[in-house]
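The values are calculated or read from the model by the stated rules, or taken from the named source; none is laboratory data. Please read these numbers as outputs of a predicted model, since none were measured by experiment. Here Cβ is always computed from backbone atoms with ideal geometry, including for glycine, and neighbour counts include all displayed protein chains. Side chains are part of the model used for accessible areas, which takes the heavy atoms of the whole protein and leaves out ligands, DNA and RNA. Shrake-Rupley method; radii C 1.70, N 1.55, O 1.52, S 1.80 Å.
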Amino acid sequence: MKRILVTGGNGQLGSELKDLSSKHTSFQFTFVDIAELDLLNEKAVRDFLAESRFDFIINCAAYTAVDKAEEEKELCRKVNADAVKLLAVLSKEHDSRLIHISTDYIFDGEFNQPIDENATPRPLSVYGVTKLEGENQVLNELKDAYIIRTSWVYSTYGKNFVKTIAGLAKQRPELGVVCDQYGTPTYARDLAVAIMSIINSIVDKKADQPGVYHFTNEGAISWYDFAVAIKDHYGFNCNVKPIKTHEYKTAAARPKFSVLDKTKIKKTFALEIPHWSQSLKECLNKLAL
């Protein structure tokens with residue numbers, strides 16, 4: 001039986017993988033978060049991976065407080081780069097296949113068409129810089145790793161844009177939401193399904209082409225469009241007002257355009273990816289407000 005370790009097990013993606021694990025009975029899953037395994041404790045990580053050998057490691061752990069990262073630069077770097085390097089080194093030592101989750105924030109958003117895997121990274125924030133450093137650590141250490149970049153992740157689990165907007169739209173008569181930043185929402189459940197499809201493909205020897213991939217749902221919208229769709233689903237009597245980026249000050253800069261091109265991952269692993277509107281509806285139907 002193949003063994004899979006999932007770091008960041010209590011996060012959005014980790015929680016969705018946990019839900020899916022019961023459907024993948026040919027694998028033995030271990031889910032850890034900081035309480036079970038602090039990735040900044042090198043000795044603990046080394047001992048853990050030496051004692052419990054894994055065929056696959058899915059690294060969902062990350063420092064994702066984008067604005068706070070501008071102040072906590074060192075902590076952000078330790079989690080998003082240093083800990084990732086350690087996982088990559090130990091994956092090589094123990095012959096584990098690493099699947100590392102990255103982000104659209106490694107790009108500056110100065111694009112006018114969907115961004116493919118070969119586009120030049122130019123991060124605008126500490127978060128983006130450290131996530132890019134993490135990617136480079138993986139690529140420097142491993143030839144057989146997978147890096148999956150995603151964007152605008154949401155789920156029924158954890159804190160995210162969908163749950164925040166739904167809660168505010170229920171309570172307030174009006175909300176201002178940025179209308180000049182474009183991307184694609186990603187339902188963490190769909191990303192979890194894709195990851196397991198990749199692992200099954202590797203195990204079944206159908207396809208195994210390590211490297212960098214992009215995954216989001218299909219389609220492209222603004223944060224404003226996203227918020228309106230959430231509000232309309234529940235029928236809340238809230239006026240969602242479009243505002244420009246300069247009207248909504250944040251500590252960290254956001255990419256203006258981060259629609260990711262998914263051609264490579266769809267072709268390589270024969271994936272059918274749902275449209276964002278379909279997946280959003282599925283998620284919202286699960287949320288009890």
Note down the accessible area of W223, probe 1.4 Å, to the nearest 10 Å². 40 Å²
Given the rule -39500 (n - 2.57) for each run of at least 4 DSSP H residues, summed and divided by the residues of the chain, what is its mean residue ellipticity at 222 nm, to the nearest 500 deg cm²/dmol? -11500 deg cm²/dmol
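On a 1.4 Å probe surface of the protein chains, which of D95, D38 comes out largest in accessible area, and what is the full order?
Numbers: D95 125, D38 60 Å².
So the residues, ranked largest to smallest area, are D95, D38.
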Under a crude label model (7 Å from the Cα following the beta-carbon direction), how far is K241 from N136 in nanometres? 4.3 nm
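Could you report region 157-289's accessible area per residue, 1.4 Å probe, as an integer in Å²?
Details: 6450 Å² over 133 residues.
For region 157-289, the per-residue accessible area is 49 Å².
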Compare L87, L271, L260 in a GNM of the chain, Cα atoms joined below 10 Å, and give the one with the largest fluctuation. L271
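Report in % the part of the accessible area of region 80-121 that belongs to carbon and sulfur, leaving out ligands and nucleic acids; probe 1.4 Å.
Working: 650 of 1660 Å².
Carbon plus sulfur share of accessible area: 39 percent.
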With the 1.4 Å probe rolled over protein heavy atoms, region 1-146 has an accessible area per residue in Å² of 47 Å²
Over region 178-253, with every protein chain in place, what whole percent of the accessible area is carbon and sulfur at 1.4 Å, could you tell me? 49 percent
Whole-number percent relative contact order across the chain, with pairs defined as alpha carbons under 8 Å at least 6 apart: 21 percent
Name the residue, out of S155, S22, S125, whose mean-square fluctuation peaks in a Gaussian network model built on the chain with Cα pairs under 10 Å. S22
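Can you quote the Å³ per residue value for the convex hull of the Cα atoms in region 49-188, rounded to an integer? Intermediate results must be reported in sequence, preceding the final value.
Numbers: hull volume 19.3 nm³, N = 140.
Dividing the Cα hull volume of region 49-188 by its residues yields 138 Å³.
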Span from the region 77-136 Cα centroid across to the region 13-29 one, whole angstrom: 24 Å
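Using the Cα centre as the reference, give the magnitude of the dipole from point charges on the C-beta atoms of region 134-235 (Lys, Arg: +1; Asp, Glu: -1; all else neutral), rounded to the nearest 20 debye. Can you show the working numbers first?
Working: 10 positive and 11 negative charges, 72 e Å.
Using only the charged Cβ atoms, the result is roughly 340 debye.
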Cα-based reach from K23 at 25 Å (exclusive), listing lysines while leaving out same-chain residues under 8 positions away: K2, K205, K206, K266, K267, K281, K286
If amide hydrogens are placed 1.01 Å from N in the peptide plane, which non-local residues have theirs closer than 5 Å to the one on T103? T150
Please give every one of the lysines within straight-line cross-link reach of K249, meaning a C-alpha to C-alpha distance under 27 Å, and leave out same-chain neighbours fewer than 8 residues apart. K68, K73, K78, K131, K159, K163, K170, K231, K241
